[in-house]
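Chemist: Dropping a structure here in structure tokens format, bear with me for questions.
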Amino acid sequence: GAVVSQHPSWVICKSGTSVKIECRSLDFQATTMFWYRQFPKQSLMLMATSNEGSKATYEQGVEKDKFLINHASLTLSTLTVTSAHPEDSSFYICSARDNFGTSGQETQYFGPGTRLLVL
Amino acid sequence: GESVGLHLPTLSVQEGDNSIINCAYSNSASDYFIWYKQESGKGPQFIIDIRSNMDKRQGQRVTVLLNKTVKHLSLQIAATQPGDSAVYFCAGAEYGNKLVFGAGTILRVKS
């Protein structure tokens, strides 16, 4: 149980284009999902908290107009990187919190990640 | 705010030996901790968690120890196998709040 998927797993795009990444909880409902960014050999950096039916909460320094988050259902959150530039190239990982599971309320289950390369 | 960090960036162990990965945290209000394993190119995988009302919890070949007095937790892996090679992250949170991740420790298992 507690499986989270991401799509696509990798994407290459031209500078200036927008890229959408999907995060799905496959076997549980997640009112809260999280989006992280990870650079090589570094830890996960939380970008934003996505709440179903409401606006996302962004961490300090993360541009909300550049990283658009939509959490329209209890099983799907999307991250859109708008007008992507080479410095946006990174590994983007989502996670979902299983609020109704037997694990702790804080337990997050992670997706496999999406590798973005902006040329 | 919360900060969670690791003492050792890289740990090399011989196959079959036990591994101990350490983590320190700064927020004394943290009451929930998780260990994740991340293999290259993949997302973090849940290993084991522990609440602050416990000082030890065991899973399959893994044990997490929590010392609230010195704000330290550790992950012990018994009979380390090549498949255990990965980056290990600890994370902590106050109840209902977001997780804060440590820097990570690379575990290398030598055959």
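Every number in this text was worked out from the coordinates using simple rules, so none of it is lab data. Model, not experiment: these values are computed from the prediction. Glycine gets a Cβ as well: all are built from the backbone with ideal geometry, and neighbour counts include every protein chain shown.
Chemist: Which whole number gives the average count of other chain Cβ atoms within 10 Å of the Cβ atoms across peptide B:28-38?
Modeler: 2
Chemist: Still on this structure, please answer the following. Over chain B, calculate the relative contact order: mean separation of alpha carbon pairs under 8 Å at least 6 apart, over the residue count, as a percent.
Modeler: Normalised by residue count, the contact order of chain B is 38 percent.
Chemist: Which value results for Rg/Rh of chain A when Rg is the Cα radius of gyration and Rh the Kirkwood radius based on the inverse mean 1/r?
Modeler: Ratio of gyration radius to Kirkwood radius: 0.96.
Chemist: On to the next question. Which of the lysines could be linked to residue B:110 by a straight reach, that is with a Cα gap under 27 Å, when you skip same-chain ones fewer than 8 residues away?
Modeler: Candidates past the 8-residue exclusion: A:41, B:37, B:42.
Chemist: Another question, then. Enter the mean number of other protein chain beta carbons within 10 Å of the beta carbon of each residue in B:41-48, as an integer.
Modeler: Taking the mean over all residues of the peptide, I get 6.
Chemist: For A:68, B:75, B:66, what's the fewest-to-most ordering of other Cβ within 10 Å of each Cβ?
Modeler: Placing the least packed residue first, the sequence is A:68, B:66, B:75.
Chemist: What does the charge add up to near residue A:88, with Lys and Arg as +1, Asp and Glu as -1, over the other residues with Cβ less than 14 Å from its Cβ?
Modeler: +2
Chemist: Local charge sum around residue B:83 (other residues, Cβ-Cβ under 15 Å, Lys/Arg +1, Asp/Glu -1)?
Modeler: That sum, taken over residues with Cβ under 15 Å, equals +1.
Chemist: Could you give the dipole magnitude of chain B about its Cα centre, charging the beta-carbon of Lys and Arg +1 and that of Asp and Glu -1, in debye to the nearest 20?
Modeler: In debye, rounded to 20, chain B gives about 40.
Chemist: Out of the stretch B:67-108, which chymotrypsin sites (Phe, Trp or Tyr not before Pro) are coil in DSSP terms and have no more than 16 other C-beta atoms within 10 Å?
Modeler: B:95
Chemist: Something else about it: For Cα pairs less than 8 Å apart in space and 6+ apart in sequence, what is the mean separation divided by the residue count of the stretch A:28-119, i.e. the relative contact order in percent?
Modeler: 29
Chemist: With springs connecting C-alpha atoms under 10 Å apart, model chain A as a Gaussian network and identify which of A:16, A:61, A:53 has the largest mean-square fluctuation.
Modeler: Greatest mean-square fluctuation among the candidates belongs to A:61.
Chemist: Neighbouring Cβ atoms within 10 Å as the yardstick, rank A:5, B:12, A:25 fewest first.
Modeler: Neighbour counts put them in this order, fewest first: B:12, A:5, A:25.
Chemist: Considering chain A as a Gaussian network with a 10 Å cut-off on Cα pairs, which listed residue, A:74, A:46, A:26, attains the greatest mean-square fluctuation?
Modeler: Taking springs between Cα atoms under 10 Å, the residue moving most is A:26.
Chemist: No partner Cβ under 4.7 angstrom, meaning no disulfide-compatible partner by this rule: which Cys of chain A qualify?
Modeler: A:13
Chemist: Any idea what % of Cα-Cα pairs in chain B are farther than 19 Å?
Modeler: So the portion of pairs separated by more than 19 Å is 39 percent.
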